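Have a look at the structure below, then the notes.
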Amino acid sequence: MSAGYSSGAITGFGSVVVNGVHFDESTARIHDADGNTLSRDALRLGMTVEIQSGAIDNTALTATAQDVNVISDLLGPVSAVDLTASTMTVLGQTVRITASTLFDSSLAGGLSAIALGQKVEVYAIFDPVNTVYAARLVLPRSNPDHYTLRGVVSGWDSTQRQFQMGPATLTYAADAVPAGLANGATLRLRLSTQADGSGRWVVTTAQPATYLPADGTEAEIEAVVSSYTSLSSFVVAGVTVDASAAQLNANGLTLAAGVRVEVEGRMQGTVLKATKLELKGSEASVGGDDSGSGQEFELSGLISGLDTTAQTFVIRTQTVSYAQASFENGTAANLANGLKVEVKGVRSSDGTLVTASEVKFDN
């Protein structure tokens, strides 16, 4: 029986949309990277996920999800905010806000609402070596008992029991990291919330941060190229790709390390033999393009929380502004709780809403 795998950010609901494929997650196991079970309502636009599914229908772009793993890149305190550069610093890592970055509703105002020392969780299209370009920022529901960091090991010093992950220096106990730890390993770290006396973050557990789909799996991955040798050998999200026979949409760009791509194909052993490869630019354009127009989101479902004064409604868990929308099969006056609609739109200026460009009544 054919299997599917998709890795990327959630860009729509009705079913969960990742890399353009609509995954029915109604019967799937949904959990975070620590193994905690999540409800369907915990899923949000911009969250980065790995989905294991049944066969992907490449005509209808649908599949039935079996496992949805929700993975954030960072959880920790904010040590710096630069509104001019649209960046903040978390656990030593530079986090950049883009035209597609979404914020929880509790962060009305976007980056300007974030205070120094505040704990945040950052979801990002996986870039293991460079700046973290945020797809979604959330506030933990309670004070976290640990921090997390995902990236690539460098500067490993077994004598001092320390290594670097980006600019951050980390220390570890012998049993806290995998055997054979070495530079270049891609890990997801669980950290103590207190640094040691030398200012190093303390690793309590570490696990591989990438997943290798099984032989024969149809895979779709959106990530940043972490290493590049040639078109027939480059790595995204820990998976080696051979795109020598792929349909290539270069968008005027050159394939290289640091370029965000979306790749589709089938696993042959441990290599993804790509049938399609799209270059999406520098990761500064995460979710959108270099013009800064941002990711288009699509939502399908029943209206709730209709507010005709604010001109907003909710689909699933996402608040939508319809003030600038065009309508099909009806008008704004026909909106009502319980009606099914399809919405296309982009993020609002502060990233807490989807600003609808189109609202279609599903009759």
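The values are calculated or read from the model by the stated rules, or taken from the named source; none is laboratory data. The shown structure was predicted, so the numbers you read here are calculated from the model rather than taken from an experiment. Note: ideal-geometry Cβ built from the backbone for every residue, glycine included; neighbour counts use all protein chains shown. We work out accessible area using only protein heavy atoms, side chains counted, and drop any ligands, DNA or RNA first. Shrake-Rupley method; radii C 1.70, N 1.55, O 1.52, S 1.80 Å.
Annotations for the structure displayed:
- Filter result (touching a residue at least 40 places away in the same chain (Cβ under 8 Å) and open to solvent by 60 Å² or more (accessible area, probe 1.4 Å)) within the stretch 129-180: VAL129, ASN130, ASP145, PRO167
- For the stretch 334-363, the set of residues classified as among the acidic types (Asp, Glu) and over 15 Å from ARG316 (Cα atoms) consists of ASP350, GLU358, ASP362, listed by residue number.
- When restricted to residues that are in a strand (DSSP E or B) and either among the charged types (D, E, K, R) or open to solvent by 10 Å² or more (accessible area, probe 1.4 Å) (or both), the stretch 116-128 contains 3.
- Scanning the stretch 215-227 for residues that are outside any loop (DSSP other than H, G, I, E, B), open to solvent by less than 40 Å² (accessible area, probe 1.4 Å) and within 16 Å of GLY92 (Cα to Cα) turns up nothing.
- Evaluation of GLY54 against (1) open to solvent by less than 40 Å² (accessible area, probe 1.4 Å); (2) closer than 21 Å to GLN318 by Cα (one fails), failing number: (2)
- Of the residues making up the stretch 350-363, those that are touching a Lys or Arg at 6+ places or on another chain (Cβ under 8 Å) and assigned to a loop (DSSP other than H, G, I, E, B) are LEU353, ASP362.
- For the stretch 309-349, the set of residues classified as under 19 Å from ILE10 (Cα atoms) and assigned to a loop (DSSP other than H, G, I, E, B) consists of ARG316, THR317, SER348, listed by residue number.
- Residues in the stretch 228-245 that are over 21 Å from the mean Cα position of the chain (by Cα) and either buried (at least 20 other Cβ atoms within 10 Å of the Cβ) or part of a strand (DSSP E or B) (or both): TYR228, THR229, SER230, SER233, ASP242, ALA243.
- Top-ranked residue of the stretch 295-308 - restricted to ones that are acidic (Asp, Glu) and outside any loop (DSSP other than H, G, I, E, B), ranked as surrounded by the most Cβ atoms within 10 Å (Cβ to Cβ): GLU298
- Enumeration of residues in the stretch 57-110 that are assigned to a strand (DSSP E or B), among the aliphatic types (A, V, I, L, M) and surrounded by fewer than 16 Cβ atoms within 10 Å (Cβ to Cβ): ALA80
- Residue list for the stretch 13-28, restricted to those being in contact with a Phe, Trp or Tyr (Cβ under 7 Å, 6 or more places away or on another chain) and surrounded by 21 or more Cβ atoms within 10 Å (Cβ to Cβ): VAL16
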